[in-house]
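The values are calculated or read from the model by the stated rules, or taken from the named source; none is laboratory data. What you are looking at is a predicted structure, and each value in this text was computed from that prediction instead of being measured. Positions of Cβ are backbone-derived with ideal geometry, glycine not excepted, and every protein chain shown enters the neighbour counts.
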Amino acid sequence: MAQNIVSLDFTDEQIAGAVAGVQQAAASLPGLIGMETGDRRGLTLLGPRSQDFARQTLRVLAQNPDIVPASLNLTEAQADLAALDKLVPVLEQLQRLTTRVEDTVAALGSDVMSVALEGYAHIKLSGAAHGLDDLRKELSGRFAKTRRKTPQPA
């Protein structure tokens, strides 16, 4: 018996509403940037263990402006921290939604593949009697193994 982890039937209106909601969320947050993977790797990141350090350092610098060199833009760092604090809850909600959508897509795909594999087994067993041999051969391409070319001796 084939699995059925989830059964959904979204209307076009539901999907359009979801897409519009995501677009509205993006439009509500002007200034978001995109970076290449290499650019992200080069960043000094503010992880959970570094947050207390960074917050305390900014607080001490703000309380002691006489030690802050002109080249250190403390005001911009404070604004960045405030923006980060506002954006993190949005990120957390989007991540939860993304995880649920990914899990649902995976479950739906698994349900489809389970039925397809079970159906293919039936086609293999009795397909020839129903004139489905050519179709079975075509479908068998999914399971074709690629052969490695043996290296030629130099």
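Data overview
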read-out: Members of the range 109-131 found to be aliphatic (A, V, I, L, M) and modelled with pLDDT under 80, listed by number; value: 128, 129
read-out: Residues satisfying the stated conditions in the range 70-79, i.e. surrounded by fewer than 11 Cβ atoms within 10 Å (Cβ to Cβ), of a type outside the set (S, T, N, Q) and in a helix (DSSP H, G or I); value: 76
read-out: The range 130-150 - residue that is among the hydrophobic types (A, V, I, L, M, F, W, C) and in a loop (DSSP other than H, G, I, E, B) and, of those, surrounded by the most Cβ atoms within 10 Å (Cβ to Cβ); value: 132
read-out: Residue match in the range 80-96 (condition: farther than 16 Å from residue 26 by Cα, polar (S, T, N, Q) and either surrounded by 11 or more Cβ atoms within 10 Å (Cβ to Cβ) or without any contact (Cβ under 8 Å) to a residue 12 or more places away in the chain (or both)); value: no
read-out: Every residue from the range 6-44 that is over 21 Å from the mean Cα position of the chain (by Cα), within 24 Å of residue 112 (Cβ to Cβ) and β-branched (Val, Ile, Thr); value: 11
read-out: Among the residues listed as 105, 101, the single one being closer than 30 Å to residue 141 by Cβ and either without any contact (Cβ under 8 Å) to a residue 24 or more places away in the chain or surrounded by 10 or more Cβ atoms within 10 Å (Cβ to Cβ) (or both); value: 105
read-out: Residue within the range 61-69 that is without any contact (Cβ under 8 Å) to a residue 24 or more places away in the chain, within 27 Å of residue 97 (Cβ to Cβ) and among the polar types (S, T, N, Q) present; value: no
read-out: Given (1) closer than 26 Å to residue 98 by Cα; (2) among the charged types (D, E, K, R); (3) surrounded by fewer than 10 Cβ atoms within 10 Å (Cβ to Cβ), number of the condition residue 39 does not satisfy; value: (3)
read-out: Residue count, the range 45-69 (criterion: under 19 Å from residue 91 (Cβ atoms) and in a loop (DSSP other than H, G, I, E, B)); value: 3
read-out: Count of residues meeting criterion [surrounded by fewer than 13 Cβ atoms within 10 Å (Cβ to Cβ) and under 14 Å from residue 142 (Cβ atoms)] in the range 120-129; value: 1
